[in-house]
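One structure is given here, and the rest of the page talks about it.
Any read-out appearing in this document is the output of simple, stated calculations on the displayed coordinates, not a laboratory observation. Because the structure is predicted, anything quoted here is derived from the model rather than measured. Cβ: placed from backbone, ideal geometry, glycine included. Neighbour counts: every protein chain shown.
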Amino acid sequence: MDKFRIEGGRRLEGTLRISGAKNAALPELAACLLTNEVVELRNLPRVRDIQTMARLLGHMSVGVEGPEGEGAEARVRLRAETISHAEAPYDLVKTMRASVLVLGPLVGRTGYARVSMPGGCAIGARPIDLHLKALERLGAEITTEHGYVEAKAKRLRGARLVFDRITVTGTENVMMAATLAEGETVLENVAREPEVSDLAQLLVAMGARIEGAGTSTIRIEGVASLHGAKHEVIADRIATGTFLAAGAITGGDLLLEGARGEHLDAVVDKLAECGVTVTKEQEGLRVRGGGRLRGADVTTEEYPGFPTDMQAQYMALVTQAAGTSIVTETIFENRFLHASELVRMGADIAIRGNQAIVRGPTPLSGAAVIASDLRASASLVIAGLAAQGTTIVDRVYHIDRGYERIEEKLRALGGRIERISG
Ligand code: EPZ
């Protein structure tokens, strides 16, 4: 298992291009199942989850050319001319829960899908009951046995449904299925994340009839079929937030090219409250650290609130801020796994239920730490950049799932970080 060795105490400075958003590209890859024509995605992030989804589609005999190219030119061409078997097997789903995103498109296109139930993961149980309930409302017959979900429908019928709670991939799954349903579907209490809107943009380019993406209510008028399209994946707002935190904690000066400031206002506002200067520039976002950091409370919320995917990175930052910061996690039931590792580096963090009370600043000293999930690993890298001495982050395969060669990018900005293959 690869590790990172980080020598802390260096300011990050320079310009970095933000890659395409993993959490937009994943549903957009699955959307290719809705048509027998070519779908081309550009600005594709070269991360492991994308490779896993491409492999899953290939398993269903979808023609996959790529992913190839670098940066904004990174792209993949997909063609689901025929779907040999509409199944997502356990050995692929267990490595990536987002595989469940093939469920809606498969049922919408072929009337059948058999998808392994995604198990829980480090941050929570993460059931998919709301996905299944919604597909049933659209007329799918759902059975779950032997660890698989089977969904059948001659043709889905449009319906009006209200999600019991906001679910990002639940919204995406059902929106994709509804594009080929008979009649109108009205989805209420849906996720408003930019990745949902970006997916809707691709679906509309494919001929779908969708209104309201980005708001709490999405209307979809079913059509008989969808055609191919080309689409550029939006910039990754969580990768952007991660590098903002890294620039801030090292007292650096970073220009994040392609960053979409309007997609992370809650993060930028919270960083400003901490005394971090983030400015919207022509090319993207610029962060300048160096001033005294002040602690500030934060509560994670669905978009446009402060994203849960930035909670771990923010916690690392405020270990260096003066005062007390209460970090409240409202989306997942177990998303503080990074806290104990930060404490081992010298942070002062006490967990009370779904709150982490962070008192700072406390000097961080390099230590051997273990990553438990994607964003927790980013949090440990950020702490390592600020710590005195050497930090070894183990199990960095977590970070490779969602960050494109992060050690190369950080090194190019002056960070002292190297990958130790092991
Ligand atoms: C998406 O996961 C993201 N993943 C997650 O990013 C992100 O943390 C999450 O949304 C919240 O923003 C992708 O987009 C691929 P949810 P998702 O359904 O859709 C509960 C990362 O770091 N729930 O919005 O799985 C669920 O347990 C990853 O990139 C049900 O109870 O999250 C959770 O508590 C981590 N039943 C809450 O809703 C359901 O059927 C929100 O989950 C579905 C969800």
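Under the classification rounded if a/c is under 1.5, otherwise prolate if a/b is larger than b/c and oblate if not, where does the range 276-407 fall, given a ≥ b ≥ c as square roots of the Cα gyration tensor eigenvalues?
Since a/c stays below 1.5, the shape of the range 276-407 is classed as rounded.
Expressed as a rounded percentage, what relative contact order does the chain have, with Cα pairs under 8 Å and six or more residues apart?
21 percent
Looking at the square roots a ≥ b ≥ c of the eigenvalues of the Cα gyration tensor of the range 152-300, which shape do they give, rounded for a/c under 1.5, prolate if a/b is larger than b/c, or oblate?
Note, shape of the range 152-300 comes out prolate.
FRET efficiency for N36 and R411, Cβ-Cβ distance as r, R0 = 60 Å, nearest 0.05?
After rounding to 0.05, the efficiency reads 0.85.
Compute the relative contact order of the range 260-343 as a whole-number percentage, counting only Cα pairs closer than 8 Å that sit 6 or more residues apart in sequence.
Averaging sequence separation for qualifying contacts and normalising by length gives 26 percent for the range 260-343.
Within 11 Å, Cβ to Cβ, of T319, how many net charges do the neighbouring residues add up to if Lys/Arg are +1 and Asp/Glu are -1?
Net charge around T319: 0.
Rounded, prolate or oblate: pick one for the chain, where a ≥ b ≥ c are the square roots of the eigenvalues of its C-alpha gyration tensor, a/c under 1.5 means rounded, and failing that, prolate if a/b is larger than b/c, else oblate.
prolate
Considering only the other residues whose Cβ falls under 14 Å of the Cβ of R209, what net charge follows from Lys and Arg at +1 and Asp and Glu at -1?
Computed value for this residue: -3.
Under a 10 Å cutoff between Cα atoms, tell me which one of R359, R237, R160 has the largest fluctuation in the Gaussian network model of the chain.
Sorting by GNM fluctuation, first place goes to R160.
Antiparallel DSSP bridges in the chain: what percent, to the nearest 5?
Approximately 70 percent, going by the DSSP bridge assignments.
Express in nm, to one decimal, how much length is gained between A322 and Y112 on full extension, taking 0.36 nm for each residue of separation and deducting their alpha carbon distance.
The A322-Y112 span can extend by a further 70.0 nm.
Any idea how far apart T215 and T144 come out in nm if each label point goes 7 Å out from Cα toward Cβ?
Roughly 3.3 nm, to one decimal.
Going through the range 7-101, which GluC sites (Glu not before Pro) have at most 12 other Cβ atoms within 10 Å and a DSSP loop state?
Counting only loop positions with at most 12 other Cβ atoms within 10 Å, the GluC sites (Glu not before Pro) in the range 7-101 are E70, E81.
Which helices, counted as full DSSP H runs in the chain, have an axial Cα extent of no less than 20 Å and a Kyte-Doolittle average of 1.0 or above?
What comes out of the filter, once short or polar helices are dropped, is none.
Aspartates and glutamates near K152 by alpha-carbon distance under 19 Å, same-chain residues fewer than 8 away left out - which ones?
Answer for K152, where 19 Å is the Cα cut-off: E87, D129, E136, E141, E172, E182, listed by chain and number.
Excluding residues fewer than 8 places away in the same chain, name every one of the lysines whose C-alpha is closer than 30 Å to that of K154.
Reachable lysines: K94, K133, K230.
Would you mind telling me the antiparallel percentage of the DSSP bridges in the range 341-414, rounded to 5?
If we restrict to bridges inside the range 341-414, about 55 percent are antiparallel.
Using the number of other C-beta atoms within 10 angstrom as an exposure proxy, rank M176, M117, M310, M1 with the fewest first.
M1, M117, M310, M176
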